[in-house]
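Q: Would you mind keeping the following structure in view while I ask a few things?
Laboratory data are not the source of any read-out in this text; all were calculated from the coordinates shown. Because the structure is a prediction, the values reported are computed rather than measured. Methodologically, a virtual Cβ is constructed for each residue, glycine included, from the backbone with ideal geometry; neighbour enumeration extends over all protein chains shown.
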Amino acid sequence: MQIRIMLQIVGNDGTVGDAEEIASLTKITERAEDLGLSLTESKTLLAAAQQRIVLAQVDCWLENHRHCKVSYPVTFRTLFGDVQLKSPRYYLPKERQTKGPATISPLTQLLPDHIAPERRYLETRWASLVPYAAAADLLADVLPVGSGVNATTVRQHVLRAAERIEADLAEQRTSFSEGADPRDWEDLPIPEGRMVIGLDGGYIRDWRDRKKNFELIVGRSMPEDGEARYIGFVHGYDRKPQRRIIDHLRRQGFQANQDLTFITDGGEEVRALAERVSPCSEHVLDWFHITMRITVLRQFAQGLVHHDKDAGMAALDELRRIEWFLWHGNTYRARETIDDLLLDLEALDSRYPNRRKFRTAMREFQVYITSNEASLINYGERYRSGERISSAFVEATVNAVISKRFAKKQQMQWSRRGAHLLLQTRSKTLDGSLRATFEHWYPGMMNDNNRDQSRAAA
């Protein structure tokens, strides 16, 4: 079977061009693999069609320009192969020649980045999910771009996209109420329930000093109605993290008069981020991290039982009381019981080998609860009302955003800039908002001929 695929272009003025053959195939039908186009055939076909279509479009773009001085070669990297173009330079009319250059290259207005937005989108999306080299290999496997794609090129394109995301951040604000007139609140619509945002940190290896790590802070915001969104940045590299959080919430539809709950592990860095973001915001100490610390203390107490049964059982009973008081929001009794247990441990005379570690852990727990006293709530009451009290969903976020791409187990090394920028594209890729971001930059990406034809037929 002989198959010839022809391409015919109709100009803007209705002129019908000649039909040009872009592929000629010989197909047999003996096995399943013979049916349809092979991957190689489809890549060759797409590359040939892309080459002719782009050249025709560029010629149309340039047809109104005259007085060509000289041209130089330009490579336009598209989703279906690299297209070699001639970019002409034109003389400017004398009345337009000022102190600047006497010639212009109009093609730079059409192709400022020399890469098609669709290709940059796919490179950004795939490289946000897998390593740069794997993303480059994947592109070369399924698209006719093998000669112009490698890990370094993909990384450069991804970081440029991330820098543009950074440039889109709103102006510096430390609170939703900053610069706002409280009287305007009366005009705000009734908010759609509480929004919860959990923040937590993870560490990756520093490329500049391989013996050290630096911290990434990631989070997930979850409205009562609507899709969840991810956020991430490198602690210390981002000098205005509160601006990022405010911009993130604003894009998700958060209102200044809406209830907002931050759930964190109580660390000083993440706790500071939650302060003064909104007049209606609160910071809640994560119940999961409280119980995790109590579990460690309970293990020490169980070890003490084997050396001093009475003291060990008494410590276990006190820890149960502390947990019960904290669960029911009785902060005063909880702190009182913590202080009593710490005094008992300091006066303890036992041969228990981990006595000093037990006492140190108890003292750290005392400081932890004291530092976060304002963030302790009635966890039982809030749990019974169906509200979130734990950042377990953020632990999953840390695993999804950091561990699976930044490869903590493989000890990958990162620069702070590279990690911060990749976090921006990865968070948008994971929550499904990356495509909308590109469509905002390049509205033409929303064009869909198949969709338009379906609507016309209907």
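Q: Given the rule -39500 (n - 2.57) for each run of at least 4 DSSP H residues, summed and divided by the residues of the chain, what is its mean residue ellipticity at 222 nm, to the nearest 500 deg cm²/dmol?
A: Numbers: 16 runs with 202 residues, N = 458.
Computed mean residue ellipticity for the chain: -14000 deg cm²/dmol.
Q: If you don't mind, another one. Can you give the extra length, in nm with one decimal, that the chain gains between K309 and R52 once fully stretched, where that is 0.36 nm per residue apart less the Cα-Cα distance?
A: Working: separation 257, 0.36 × 257 = 92.52 nm, distance 8.56 nm.
So the extension gain works out to 84.0 nm.
Q: Please give me the summed charge of the neighbours of A170: other residues whose Cβ is under 11 Å from its Cβ, Lys and Arg +1, Asp and Glu -1.
A: On the way: positive: R173, K240, R243, R244, R250, R251; negative: D168, E171, D247.
Summing Lys and Arg as +1 and Asp and Glu as -1 gives +3.
Q: Same structure again: Relative to the Cα centre, what is the charge dipole magnitude of the chain, using +1 at the beta carbon of each Lys and Arg, -1 at the beta carbon of each Asp and Glu, and rounding to the nearest 20 debye? Walk me through the intermediate numbers first.
A: Numbers: 64 positive and 63 negative charges, 351 e Å.
Using Cβ point charges on Lys, Arg, Asp and Glu, the chain gives about 1680 debye.
Q: Along the charge dipole of the chain, pointing to its positive end and built from +1/-1 on Cβ of Lys, Arg, Asp and Glu, which listed residue (Y90, Y368, P131) has its Cα farthest out?
A: Of the listed residues, the answer is Y90.
Q: Give me the number: length gained by fully extending T152 to R293, i.e. 0.36 nm times residue separation minus the C-alpha to C-alpha distance, one decimal in nm. It would help to have the intermediate numbers written out before the result.
A: Working: separation 141, 0.36 × 141 = 50.76 nm, distance 4.39 nm.
Answer, rounded to one decimal: 46.4 nm.
Q: With everything on Cα atoms, drop me the angle between helix 241-251 and the longest principal axis of the chain, reported from 0 to 90° to the nearest 10.
A: The angle comes out at about 60 degrees.
Q: Once each part is reduced to its C-alpha centroid, what is the distance from the stretch 113-128 to the stretch 199-236 in angstrom?
A: 23 Å
Q: Run the simple label-point estimate for L169 and T15 please: 7 Å along Cα→C-beta, distance reported in nm.
A: Computed distance between label sites L169 and T15 equals 5.1 nm.
Q: Same structure again: Which one is right for this structure if log10 I(q)/I(0) by the Debye sum over Cα atoms at q = 0.06, 0.10, 0.14 Å⁻¹ is calculated from it: (1) -0.23, -0.66, -1.39; (2) -0.44, -0.93, -1.33; (3) -0.31, -0.79, -1.30?
A: (2)
Q: Something else now. Relative to the longest principal axis of the C-alpha atoms of the chain, give the angle of the C-alpha long axis of helix 416-430, reported between 0 and 90° and rounded to the nearest 10°.
A: Computed tilt is about 80 degrees.
Q: Kindly express, to the nearest 10 degrees and within the range 0 to 90, the angle between helix 117-129's C-alpha long axis and the longest C-alpha principal axis of the chain.
A: Relative to the chain, helix 117-129 is tipped by roughly 30 degrees.
Q: Further question: Pop the C-beta distance of Y72 and E381 into the FRET formula with R0 = 60 Å and round what comes out to the nearest 0.05.
A: 0.25
Q: Any idea how far apart I3 and V367 come out in nm if each label point goes 7 Å out from Cα toward Cβ?
A: 7.1 nm
Q: Continuing with the same structure: Would you work out which of Q51, I246, F233 lies farthest towards the positive end of the dipole of the chain, given +1 charges on the beta-carbon of Lys and Arg and -1 on that of Asp and Glu, about the Cα centre?
A: It is Q51, whose Cα lies furthest towards the positive end.
Q: Evaluate the distance, in nm, between pseudo-label points positioned 7 Å from the Cα of R359 and of R435 along their respective Cα→Cβ axes.
A: 6.2 nm
Q: Continuing with this model, one more query. So what's the net charge close to R321: Lys and Arg +1, Asp and Glu -1, counting the other residues with Cβ under 15 Å from its Cβ?
A: On the way: positive: R298, R320, R333, R335; negative: D317, E318, E323, E336, D339, D340, D344.
Local charge sum for R321: -3.
Q: Hey, another quick one. Counting alpha carbon pairs within less than 8 Å and at least 6 residues apart, what relative contact order, in whole percent, applies to the stretch 182-286?
A: On the way: 168 pairs, mean separation 28.9, N = 105.
Computed value for the stretch 182-286: 28 percent relative contact order.
Q: May I ask you to order 280-290, 431-441 by the average number of other C-beta atoms within 10 Å around their residues, highest value first? Show your work: numbers first, answer last.
A: Working: 280-290: 21.3, 431-441: 15.8.
Highest to lowest by the protection proxy: 280-290, 431-441.
Q: Grab the other residues whose beta carbon is less than 12 angstrom from that of R220, score K and R as +1, D and E as -1, and report the net. Show your work: numbers first, answer last.
A: Details: positive: R229, R388; negative: D200, E227, E395, D431.
Here the charged neighbours net out to -2.
Q: Also, I was wondering about something else. Using a simple charge model, +1 on the beta-carbon of Lys and Arg, -1 on the beta-carbon of Asp and Glu, nothing else, what dipole does the stretch 182-286 show about its Cα centre, in debye to the nearest 20? The partial results should precede the final answer.
A: On the way: 17 positive and 20 negative charges, 156 e Å.
Using only the charged Cβ atoms, the result is roughly 760 debye.
Q: Now for a different question. Counting pairs of alpha carbon atoms under 8 Å apart in space and at least six apart in sequence, what relative contact order in percent does the chain give? Each step should come with its number before you reach the end.
A: Details: 625 pairs, mean separation 65.3, N = 458.
About 14 percent, as a whole number.
Q: Further question on the same structure: Which residues in the stretch 306-340 place their backbone N less than 13 Å from a point set 7 Å from the Cα of S350 along the Cα-to-Cβ direction?
A: Correct set: 306-319.
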